[in-house]
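Data first, discussion second: the structure below is written as structure tokens.
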Amino acid sequence: MNSAPPAAKAIRPDDAHVAKAMHSFLADIGPSSALAMDSCIHCGRCAEACQFYVQTGDPRYTPIHKIAPFKQAYEREMGPFAFAYKLFGLTPKISAIELMQWQELLYDSCNMCGRCSLICPMGIDIADLVEQARHAMFVAGMTPPDFLGLLAEKEQVTGSPFGLTSPQMRDMLHDIGAKYGVVMRVDEAKADIVPTLSSIDLKTYPSSMAATAKILNHIGANTGLSWTFRTDGFDADNVALTAGDRAGQRKITLGIVRAAIACGAKTLVMPECGHSFTEMRWEAANAYGQELPFRIVQITELLAEGLADGGIRVNKAPQTATYHDACQLSRRGGATAAPRLILQSLGVDLHEMEDGGDANWCCGGGGGVALIKRAQPLRDKAFAIKQRQVEATGADKVFISCSGCRQTLDHGGKAIGWTREVASLLELVADNLRN
Amino acid sequence: MTLLEFARGPAWQASVLILIAGVAWRLVAMILLRRRPQFAAPRHGLPQRIGGGARTILTRFMPRRAFWPRIAVSVVLSATFHIGLGVIIFGGAPHILVIRQFTGLSWPSLPKGVIVIVSGVTLASMIALLLRRLNHPVLRLLSTADDYLSWLLVFLPVLTGMLLSGETVGGYGNLLALHILSVELMVIWLPFGKLMHAGLVFAGRGLMGMNFSRKGAAT
Amino acid sequence: MDVAPDDKETLGAMLATRGVGRRSLLKFAIAMASSLALPPGVAPLMAANLAKAKRRSVIWLSFQECTGCVETLLRSSSPTIDQLIFDFISLDYQEALMAAAGAAAEKTLHDAIAANKGEYLLAIDGSIPTKDGGVYSLTGGRSNLAMLKDVAADAKAILAIGTCAAFGGIPKAFPNPTGAVGVEDLVRDKPIVNIPGCPPVPEVLSGVLAYFISFGKLPDLDDRKRPLAYFGATIHDQCYRRAFYDQGKFAHAFDDEGARQGWCLFELGCKGPTTHNACASVKWNNGTSFPIQSGHGCIGCSQPDFWDAGGFYTSLAGGSATGWRNAGIAAAVGIAGGAAAALAARSKAKDVDSTPAPEDKP
């Protein structure tokens, strides 16, 4: 099953596909996004919230400008006065060559972090509009090649961007269990809790998978709740989402949903990962078409719950550290409090970052930007803000709850010669369990 | 028919009717689009979501501390302009009279000297905003003809109103006619351009607040 | 008109017979010069000219009017010099006041025109109906329209007295069933002075006459042919309640607290700001009072079309309402248009790929 899905390679970025792309974009529009498209007053504040504009001064990175061609299509085709726009030719149709200029704006220079949505005085969710615009770019064949071929294709076929099949996954998990001395439960028929993984963890941080297993075993011992990994729905990374491939996104999502339903899960746990959480927590039920029979929590929420109700018991691990809020977990996802509860339970002396918390600056790697090689210089510029934030706290350790951020901070830190440690909150808890 | 009679008579009627029709059109065209149902389990119930919507409407008037340094100038200029406009419209005696005529409500007015001064400050802030829009790289990229037209259609009423209040330049009758006509031009354009933000701002913030409160996300 | 002065007698001689000496005439001239906004140095010249002046024939035609303008000019508690000036002009024809009637009156008119050809002043009050050949106002079977044409032909100048003669006045108010117009709409080849007001301020007419008698020409006029000296400013500019307007102190209802305090009547419909006349300075009944001083807003009676200007009790700030019916129709049009646009948009969106991306609903 190694043939690439025909759709990914067959899309030619030409004017016909651009027309189809606009059409697909417009199909997404309901009252709420129509209002968003209609409300912009050109105040320019969104630019001041965006790390890419702030660090480069290039006005093209103004968030609302990133969706300009789509806004024009909306006005011309679906807006309240579309007939007048068409009649007087107020917004001409965009050609493929022109639309290609927006590839960099929509992919390289946008983490979909949502700071722009937070600053907008008109209440426009610009980050969401960028996500919708990426759908159209995919249909137009204008997704950056870094996403396709390598990752999204493999993900479409195997469910994993690294092309891991179920048997391979199973073997990997058992190997990790053996290496870290942790009991792994894989593909059990029934379980109360189903955890999912991020492909970044698979590749770079296998210790977090061991930590997940260790904690779930601990919870099981204290509460009697059972758990299992399911290799028929394990990789929550969903590169297709950030690529804009709606069909692929839906496929991954439903794979996980069905796996959880199949084993009668009550709780689906999302890993240390940003977009996977927002995708599953807030969109999976819609892809499924009805309410889900299980609840969805991010791993930090599970940990905070357990620490609060006694399902998880820990020893104190006093240390000084700061915490980096992942955009999709805190600002966009609503899980800002959980990590802080965890740190408090462990006796960590938390030095909060200035401009952290809900308004935190993105690490620069989110939304798939970390995948795009040519975007490295831009990412480095964005990372400079993160560097300043962390260094200003005076802490030598940065905790994270998202592997994407972890990887970006690791790589970024290495490039500037940090001696700071970037550590996973999940692993902190796993390392300090009290049996 | 003198210009003043035209302004107070058929022009006023026509502009109000166009306003009503245009606003209704624009809102209905958005409201009736296809809505897709939301099946994900909400973090908060409906009362909290409505409260979140209302709160967001208020909190977005004052940006978060993290954003403040980079947008302070924009916020101060914009606030000066909007507050000045509010003082003029709701504190100026003739405006209160118009409101009284159509709603029966009225309240004490400000002396016209105060209105003149506030008008001057408002005009100054508008000029500063225009200069900013013409020079700032982001605003130059984003701005369209609508931005400049809307600016002009608000500038003229404030200017003519200030001259009318000051009562030193121009004949009262003609200035009043020009003032009313300039307001009517603004009213006619309102449903079709960015001036509609006067209403959309509440809808957008409210919906975002409700939507994000549903997720417990930051508003 | 109890004395018929000698044709040869000058104004100065006539006044002397009534015990009004040169000094009084000079005082009058000073007051007149001031009233006419002339420099004070002109007064002695005016006095001298007045003393030397001979009788000027005035023919007065009353058309579609209420006689209020004539009444106001006669309203005087004791003879004043103004009144005497009226005596000094030879009012050769005036239907309300003259003794003759019928054919004798017609003959008087004919003789007066013949005797003063090219020199007489033609004073007119009342509008002129033009519809249906002007049949709506006839004197002796002749339409006002025809009379005006005839008598204006040999006049030196025309004084249109009162808003009806100047601009059409009340008969011209919507729907103007008689086709009433003012003098200036019918006579284009003679100098015209409009002295509007409903009725006009009597001192304005005497001022214009005094000027004419003294200098042989008409005073400076504005773009509506009104004497600048009396119509150059608005009521608002000279109103004694102006300070209240500036401070924002308005009466909200007749006889409310503000009204009793004498506050500005803008809210109660006063058209002072857009009305040009001398009421606020010269006032009425020898300077006794004027409408605002009596507690009622100016109705703008010296302005053209004042009757159709949107209501005496609607303030200048208020407009005419569209009415709920029209507003409802506009809303319906908007809703229909918006619905049509939304339906068009929905049908466009329908046939796109089947995977719905969720639309957030609060």
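Some points to look at:
- Residues located in region B:50-76, provided they are closer than 14 Å to A:Ser117 by Cα and more than 10 Å from chain A (Cβ to nearest Cβ): B:Thr59
- Residue check for C:Ile299: surrounded by fewer than 21 Cβ atoms within 10 Å (Cβ to Cβ), in contact with a helix residue (DSSP H, G or I) (Cβ under 8 Å, 6 or more places away or on another chain), under 22 Å from C:Arg224 (Cβ atoms) and modelled with pLDDT of 90 or more: yes
- Flag if A:Glu301 is within 14 Å of another protein chain (Cβ to nearest Cβ), in contact (Cβ under 8 Å) with a residue 40 or more places away in the chain and among the charged types (D, E, K, R): no
- Check on C:Ser302, of a type outside the set (D, E, K, R), touching a residue at least 40 places away in the same chain (Cβ under 8 Å) and either out of contact with any Gly (no Cβ under 8 Å at 6 or more places or on another chain) or in a loop (DSSP other than H, G, I, E, B) (or both): yes
- In region B:105-124, residue farthest from C:Trp263 (Cα to Cα) [restricted to those that are assigned to a helix (DSSP H, G or I) and aliphatic (A, V, I, L, M)]: B:Ala124
- The residue of region A:14-28 that is nearest to B:Arg35 (Cα to Cα), among those that are within 11 Å of another protein chain (Cβ to nearest Cβ) and assigned to a helix (DSSP H, G or I), is A:Ala27.
- From the list B:Leu97, B:Leu85, the lone residue that is buried (at least 18 other Cβ atoms within 10 Å of the Cβ) and in contact (Cβ under 8 Å) with a residue 24 or more places away in the chain is B:Leu85.
- Tabulated pairs, region B:111-135, first more than 14 Å from chain C (Cβ to nearest Cβ), second at pLDDT below 95, C-beta under 6 angstrom, 6+ apart or interchain: B:Ser119/B:Met162
- Among the numbered conditions (1) assigned to a helix (DSSP H, G or I); (2) within 9 Å of chain B (Cβ to nearest Cβ); (3) free of Cβ contacts under 8 Å to residues at least 40 places away in the same chain; (4) not β-branched (Val, Ile, Thr), the only one that A:His42 does not meet is (1).
- Criterion violated by C:Thr163 - all others in (1) of a type in the set (Ser, Thr, Tyr); (2) surrounded by fewer than 18 Cβ atoms within 10 Å (Cβ to Cβ); (3) farther than 13 Å from C:Ser62 by Cβ satisfied: (2)
- Only listed residue being more than 12 Å from chain C (Cβ to nearest Cβ) and over 15 Å from the mean Cα position of the chain (by Cα), chosen from B:Leu190, B:Leu149, B:Leu159, B:Leu195: B:Leu159
- Cβ-Cβ under 9 Å pairs, at least 6 apart or on other chains, region A:218-246 side not assigned by TED's automatic domain parsing to the domain that holds A:Gly367, far side in a loop (DSSP other than H, G, I, E, B) and of a type in the set (Phe, Trp, Tyr): A:Asp235/A:Phe162
- Flag: B:Ala54 matches the condition of being in a helix (DSSP H, G or I), modelled with pLDDT of 95 or more and closer than 20 Å to B:Met210 by Cβ.
Conditions (1) assigned to a loop (DSSP other than H, G, I, E, B); (2) within 14 Å of chain B (Cβ to nearest Cβ); (3) out of contact with any helix residue (DSSP H, G or I) (no Cβ under 6 Å at 6 or more places or on another chain), marked per residue:
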position: C:Asn194; (1), (2), (3): no, no, no
position: C:Cys198; (1), (2), (3): yes, no, no
position: C:Val208; (1), (2), (3): no, no, yes
position: C:Tyr211; (1), (2), (3): no, no, yes
position: C:Lys217; (1), (2), (3): yes, no, yes
position: C:Asp223; (1), (2), (3): yes, yes, yes
position: C:Ala259; (1), (2), (3): no, no, yes
position: C:Pro273; (1), (2), (3): no, yes, no
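- Residues satisfying the stated conditions in region C:317-332, i.e. in a helix (DSSP H, G or I) and within 7 Å of chain B (Cβ to nearest Cβ): C:Asn326, C:Ala327, C:Ala330, C:Ala331
- When every residue of region C:308-316 is checked against the conditions, at least one turns out to be at pLDDT 90 or above and either within 9 Å of another protein chain (Cβ to nearest Cβ) or at negative phi (or both).
- C:Ile235 being among the β-branched types (Val, Ile, Thr), over 27 Å from C:Ser62 (Cβ atoms) and touching a helix residue (DSSP H, G or I) at 6+ places or on another chain (Cβ under 6 Å): yes
- The residue that is surrounded by the fewest Cβ atoms within 10 Å (Cβ to Cβ), among those in region A:57-107 that are under 19 Å from A:Ile41 (Cα atoms) and β-branched (Val, Ile, Thr), is A:Thr91.
- Listed conditions (1) surrounded by 20 or more Cβ atoms within 10 Å (Cβ to Cβ); (2) not in a helix (DSSP H, G or I) are all met by A:Glu188, apart from (1).
- The criterion of at least 3 residues that are more than 25 Å from B:Phe61 (Cβ to Cβ) and over 19 Å from the mean Cα position of the chain (by Cα) is met, among helices (runs of 4 or more DSSP H) falling completely within region A:49-125, by A:68-77, A:82-87, A:96-103.
- Here B:Tyr172 fulfils each of the conditions (1) in contact with a helix residue (DSSP H, G or I) (Cβ under 8 Å, 6 or more places away or on another chain); (2) within 14 Å of chain A (Cβ to nearest Cβ) apart from (2).
- Residue within region A:272-281 that is in a loop (DSSP other than H, G, I, E, B) and acidic (Asp, Glu) present: yes
- Count of residues meeting criterion [in a helix (DSSP H, G or I), at pLDDT 85 or above and closer than 21 Å to C:Ile161 by Cα] in region C:34-62: 0
- Subset of region A:232-274 (residues that are within 27 Å of A:Ala430 (Cβ to Cβ), modelled with pLDDT under 90 and surrounded by 23 or more Cβ atoms within 10 Å (Cβ to Cβ)): A:Gly233, A:Phe234, A:Asp235, A:Ala236, A:Asp237, A:Asn238, A:Val239, A:Ile252
- For region B:98-122, a tally of residues being touching a helix residue (DSSP H, G or I) at 6+ places or on another chain (Cβ under 6 Å) and either closer than 14 Å to B:Gly161 by Cβ or among the acidic types (Asp, Glu) (or both) returns 9.
- Output for region A:365-418, where each listed residue is of a type in the set (Val, Ile, Thr) and outside any helix (DSSP H, G or I): A:Ile372, A:Val398, A:Ile400, A:Ile416
- Taken over region C:166-192, residues that are surrounded by fewer than 24 Cβ atoms within 10 Å (Cβ to Cβ), among the β-branched types (Val, Ile, Thr) and in a helix (DSSP H, G or I) amount to 1.
- Entry remark, region C:170-207: residues being more than 14 Å from the chain's Cα centre (by Cα) and acidic (Asp, Glu) number 2 in total.
- Scan region C:237-265 for residues that are touching a Ser or Thr at 6+ places or on another chain (Cβ under 6 Å) and in contact (Cβ under 8 Å) with a residue 24 or more places away in the chain and the total you get is 1.
The values are calculated or read from the model by the stated rules, or taken from the named source; none is laboratory data. Quantities reported herein were computed from a predicted structural model and do not represent experimental measurements. Every residue, glycine as well, gets a Cβ built from its backbone with ideal geometry; the counts of neighbours run over all protein chains shown.
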